[in-house]
Structures are given as structure tokens and as C-alpha cells.
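Below: the structure, in C-alpha cells.
The values are calculated or read from the model by the stated rules, or taken from the named source; none is laboratory data. What you are looking at is a predicted structure, and each value in this text was computed from that prediction instead of being measured. Cβ: placed from backbone, ideal geometry, glycine included. Neighbour counts: every protein chain shown.
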Amino acid sequence: MINRGTANKKFTAHVPCKECGSNDNVALYEDGHGYCFGCKKYFTKFEMEDLHKKYAPKTNGKSFTKKKQINENNYTYTKGKKHEVPWSLEFDGTTAGQKRKEYKLKKGYDAHYIYTDKEGNTAFVIERQYTDESKQEKKFISHSKWKNKIDGSTRWQSKHMASTGRTIYNLEGLSKARESTVVVVEGEKAADAYIKQRLLPCTTWSNGAGSVLKNDWKPLLDFQTIVLFPDNDDEGFTAMHKLAEHLVNDINIARSNIRLVTYPDGFPEKWDLADPVPENIDTDGHRLAFGAQPYTEVIPNYEDVWEKFKTTDVSEKDKNKADRLLELSQDIIYISELDEMLDMQKDILSPLKSFDNNYAYLKVDKKKPSTWLLEQEPEIFKRANSFEYNPKRPRGLNDVAGVPIANRYRGPSIIAKSGDVTMWKDTLVDLFDDEKAAHAAEQYFAYCFQNQGEKTMWCPLWISPKKGIGKNWITNLLGKIYGLRNFRPNLKYKHVISKFNSWIIGAQFAVINEVFLSKNFNKKQELSEEIKDLITEPFAHIEEKFRRGFDYPNTCNFILISNHEDCMNVADDERRYYVKKLTDRVRRRDYWKPRWEWSDGDGARFLMQHLKELKIDDPDLYKERAPITDDMMELARMSEHPIFKWLDEHRAAETGPFKRNGSSDYRVFNYMVVATDLHRVCHAFKQEGALEVVIDWCKKRSTSWDPIKLVSTKQIVCNDGTRPRAYLLPPLEPETANEYWLKELRSKGPSDLGKIFDMKGSYKEKY
């Protein structure tokens, strides 16, 4: 039996085994590998290098011999059969030309990649070999099948296929793909890593970035969207730009169908899909692929533009690139505070790295596009300190108190027009079942629309027990009059409280739908506080992934809508919400059909004009606290802590800690309560923070205590001025004998009170 890896190799020496410790069981071969006939251990040439230098005979001063490559000139390239693989791979019981099984790669090679046609016939194979132990340096060996022009014989040779029209990787998989999107990566290893995830079909090409145009890319015509995913280096982006232009100009793929992945800050140089995601990054390559941006069009040269600027530092070779950069710069504003580029045409704000990746093919004199643009003297494109979305200033670059500011605001696409708005008014009345509430809602809409860019101090909170009552019709109209860029129609509270809140940028009005913060009281309380800040704070700290945070004016006004009566926690003195319940009547289709026809026609234009002209009853109202409504008080009652409800129920029923047992002292406890002792005897209140809740209950439920008529407080004050942590509860039945205990307590002095309560705050009643 011939051992693996020993066939056709010349034996050189017997050497000791590093594994089992034998003195001479390891056979050392001329290509560097070794095999132990004792423990059956195979050793690579790297593992045996020291022994090879010591024991193997020297050949011209070299320890290793190199096998000659066969390269006959009379052979021409031909495709192999299905599953046919080159002679350089070792098989388990199979031979070349037969259906391949699982096989082991020839020693010295760590990976191989088989390129096939659509039917699965082998076109060529790439083997990868590391040339050092650290696996930092590697080489690729190509194997393809060639046909003898004289006798017609074929054989696998260590040479590549033809210089043009090469098969792209995973072509058989592409032909079976059902998805409309394909991902093109750089390198077979990255392609295999993506294919393994089974997200989208994936392909690549052979022989690195410089060979991208030597392949047949026509199979990509079968896909609607092509995502180009380069390695994170200049060579990768240059190759992808070459491929994109080839797809557009030579294969007639629409430019709008091509997308290019750009890397945010944090990804290391030369990173690809086969590499692990850095620990400080909360995204991965697959999200980058799904979020790829449209490929930027390459515009022809503009020599007339270039003549206006210096050319001395630009080589003739880079002249065309400079032309394109100069033309491009007319739509770009550099934002100095953020160190980012703002494309006013596309309304895209990009970090310098993303900008350079998008325009990597425009490197001038080996300088990145952004670097070359920023270095030009005189300055050739606009600069601003910061940006804004201000409806009251023109779009573009503006001088604001001597500071250049870029205004990104774009108004709505419709123009106001006078017309009948009866449909709007009637629907609002139907929505609330209340003309007064409908008028208040219209006043709020009009004030916000007339004062875009200004913040109100409160917002409506609409509670609707049912769906399908007209909320979407209202928000649809608001979206049209504000413009889609300035309106957020369907935010969820999870977006509102998220750390990443770039949605605020440019928002003039927003609707937060399906508000229900949590069933957990403490969590609901926490989230309610976060939403409050968003409603009233004039500035928001913007956080985006992989970008530096910055403060931005919060000019967005809101409507909150919920189908839950206990959607959030509010206090009984809440000032940020105008709470109203909507109707519970669901209208039929014949009710909504004319309304949608009105809004889809000129209704939105009529409403825009109406809100512009509507007189505001009290403009100051929107700078103060929200009007208190019965619905708000009911929501406040439902927002009370569960401990409140538990104590109220037991006090009313005189059960639990308020249970009477005939003891006069216990009756006193029924009206004079010590918060700490009340908390101690209630086993249900052992959760964290419960004591503070009990104290709050005592404060809100107690009555004034003023034995010497000097201090008006709900906390008991003794005649000597001490204030023990005790509270006096009002009687539940004032006309009964229970009133006696109130009189008794009011008449007692410090010594008498001390019998009930010591000055350290420990209630002495035995329970």
C-alpha cells in the first residue's frame, strides 16, 4: 500500500519523530514533507523544515527541489467535463474524468476553487498555497485543460485559461438562483464566505483585481440588481469601478441597476467578507451588501471647466480625472464641523472615506479625491460650517450671521390652492365625536404648519380603541402638505428612543404610531421620560453608526397615536400631552371612498391653503403647558404604580395592613401611617424602589397636619417642632366614630405622640 503523499516522491532520509519520539520512523521526502510509519503522523514541509536542513542531502545549496511545469506550445485551452478536476488534486478512489467525490487537497496547498460553466462542467481550477508559516504570503496555481492541436489529446496543465472570456465563479449557482440580486466580491475566499450564508447569489473572478475585465460578465444580465462588494482598499474599489463601467458600456446593463458597497469607519484596510468583523463594529458585511448605494455615474470630460483652474500640479494622465472632479464639485459642499461631504443634488451626507470609496477611480496624482479637492488653491468648491433644514431660508449655501450654513430643506411637491375643505372639517368632527376637540386639533395643525422650524411645548396624544377610524387619512394629508422629505408618517416608539436617531434630521412633523411603551411599570416610566425630552428639547444629539455624534436643532413636532388606554405613564400634572380619545365607530367603505378621492385630487392643496390662512386663537398656548383634559386625568389614574392600587383597595376594604382587630392602637395605625413600617409589613412590596413608592402614596393620600397651627404640611409635626416620618390619612367615613381618632391625634402633645411613634421613626404597633 502506498501511503498518502509519498507516491512519486524521492525518499531522502530517516529522521526522528516529533510526535511519538521514535529515532528513525519518519521518512523524509525531497519535497520537504515527512511521514511516520510508527504513529502514522503526516508532517508538512513547514513542520519538517529544521530536520530537512539537518538530514537531507544538499542540492546546489538548496534543501527543496522544484517540479518542472509542463507547458507545451502545441496545446490550446479547452473546457473539461462535468465534475472533471485536474491531476494535481488527490482523490479517494477516483480518477480524473470521473464524477468527483470528497477529496483531499495535495499537501502544500490549503484551498482550491473550481470554476464551472452553467451545466457544471469544469472550466479551470485555482489552488492556493501559503509560502510561509505565518500564512501572510500566498501564491495561486492555475490548472486548466488544454487540447493538443496535432493529435487531439487533452491534459491538465498548470497554466490558466484563455486571456479573455473567462468563466466567472459559481456560474452554476447563478444559473439556479431565484433572487433578482447578485453580489460580486473580490476573491474566491470572500465569495465562499458569502455563499455559505445563503443570503444572495454571489460570484467573483480569478487572478485578482487586475484581471477583472478578462472575464465573461454576460451572465449578470439575468439579474435586476448587481451589488459590487470590493475589498477595503484602493485596488478593490478601482477594480469595481472598472467592472461597473464595463457592465454599463459593453454589456448594456442599466447604471441604475448597479450598486456599490462603501465601508464606514472602523473596518481595517484590505478587509473582506472572509474576515471577522472588528469588535467595535455593530454591523457586518451582509448588512453592508443590503445597504449598498447606487453606483455614481461617470460623466465625460469637461475641458472648459478645467481651463478655469490651475493645471500645473496635475499630470497629463490625470487631467481627465481632474475634469470630472471639478465638475462634480459644483454639487458638493464640504461641512467643516463634521469633516464630511454634502451632495446637494442627491441630498447625501458622506464621511470622507465613503466619498473617496465612491469616487476611487478619480484619484489624481495618487491622491484621494477629497484630498485633492481640499488642497486646491484657490478653493474650487463650496464650504460650510454646518447644515440645517430651514423652511424660512433658501436651499443651498446661506450666510447666517457671518457663518456659512448649508440649507438642505426641500419643500412639498404640491402648490397651495383655495378650495372647499368641508370634507376635512367634517372628518375631524367625526374622528373625535366632538366639535371642540376637532377645532383644537385643527388649530394645532395650523400653528405647526405656519411656524415650521419652531418647536411647540406639547403634542396631541390620541387614544383610539379601534383601528380603521381615519387616522391614516389624516396623516396622509399632512404628509402631502409638508412634503415627504420633511414628514415622518409612521414612526414606532422603538425608533424614537433608539440611540441612533438620524431620522430627526430634516423632520418638521412626525407621527408616532402604535404607542405602547411596556407592560412593566418601571420600564414604561423610563421610556415615557425619554419621549418627553424629545417633544420639548430644542436640541437633539444625533448618533449615527460609524459617525461622530453632533448636536442638531430639534424642530420636529409630533402626534402620538395609540390603541391602548394605558399606553404610557403620565402624572396628574402632566404638561406635555394633550390627551383625547377618538371615536370607537368604524366607518364603512362608502364613507371613506369620497374622502380618499378628495385627498388624492386637489384636497391636499386646498388643505394647505386653508392651514396657511387659518387664524390661530391663542398663539401663546403652544409655548405653555398642554390643556388638561378628562382623558388626561384618566390616563394619569391608570398610570399610577400598582402599589398605589393595592394600598387603595385594601384601605377601602380595611384589609391587609389596614385590617381592624379591635385594638385602639391598630385603629390609630389606620389613620396615622409610617411609610417605612407600612412598607415593612407588606410582603408584596419587596421589589427595588418600593419604599419610595409607598412614601409617595403616603404623601398623596394624607391630609394636612397642624397641631400648633404653625406649619401647614401633610407630615406630622409634634409640639416640640420635630417631624417624625409619619402621615395622617383622612377618614373614609367622616361622620362615623373614626373621626374621633383624628381629633385625638390633633390634641396630643409630643409625649403622647411618642407613645405611638418614637422620634427615630419606628412605629411600635404590634402587628
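Quick look at the values:
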item	result
Of all residues making up the stretch 355-378, the number that are surrounded by fewer than 21 Cβ atoms within 10 Å (Cβ to Cβ) and of a type outside the set (Val, Ile, Thr)	11
Any hit, the stretch 389-408, residues being free of Cβ contacts under 8 Å to residues at least 40 places away in the same chain and of a type in the set (Ser, Thr, Tyr)	no
Qualifying residue in the stretch 615-626 (condition: part of a helix (DSSP H, G or I) and of a type in the set (A, V, I, L, M))	yes
Number of positions in the stretch 215-245 that are touching a Ser or Thr at 6+ places or on another chain (Cβ under 8 Å) and assigned to a loop (DSSP other than H, G, I, E, B)	3
Lone qualifier among Val212, Val248 - being in a helix (DSSP H, G or I), without any contact (Cβ under 8 Å) to a residue 40 or more places away in the chain, touching a helix residue (DSSP H, G or I) at 6+ places or on another chain (Cβ under 6 Å) and under 27 Å from Ile114 (Cβ atoms)	Val212
Residue within the stretch 614-632 that is of a type outside the set (Ser, Thr, Tyr), modelled with pLDDT under 85 and assigned by TED's automatic domain parsing to the domain that holds Gly470 present	yes
Lys467 vs. criteria within 24 Å of Ala626 (Cα to Cα), of a type outside the set (Asp, Glu) and surrounded by fewer than 19 Cβ atoms within 10 Å (Cβ to Cβ)	no
In the stretch 570-604, the residues that are surrounded by 15 or more Cβ atoms within 10 Å (Cβ to Cβ), of a type in the set (Ser, Thr, Tyr) and assigned to a helix (DSSP H, G or I)	Ser599
Helices (runs of 4 or more DSSP H) fully within the stretch 354-471 counting 2 or more residues that are over 30 Å from Leu607 (Cα atoms)	369-375
Tabulated pairs, the stretch 463-481, first assigned by TED's automatic domain parsing to the domain that holds Asn557 and under 10 Å from Val586 (Cβ atoms), second surrounded by 20 or more Cβ atoms within 10 Å (Cβ to Cβ) and of a type in the set (Val, Ile, Thr), C-beta under 8 angstrom, 6+ apart or interchain	Gly470/Thr427
Subset of the stretch 482-495 (residues that are touching a residue at least 24 places away in the same chain (Cβ under 8 Å), surrounded by fewer than 19 Cβ atoms within 10 Å (Cβ to Cβ) and not in a helix (DSSP H, G or I))	Gly483
Residues being more than 24 Å from the chain's Cα centre (by Cα) and part of a loop (DSSP other than H, G, I, E, B) - total across the stretch 251-287	4
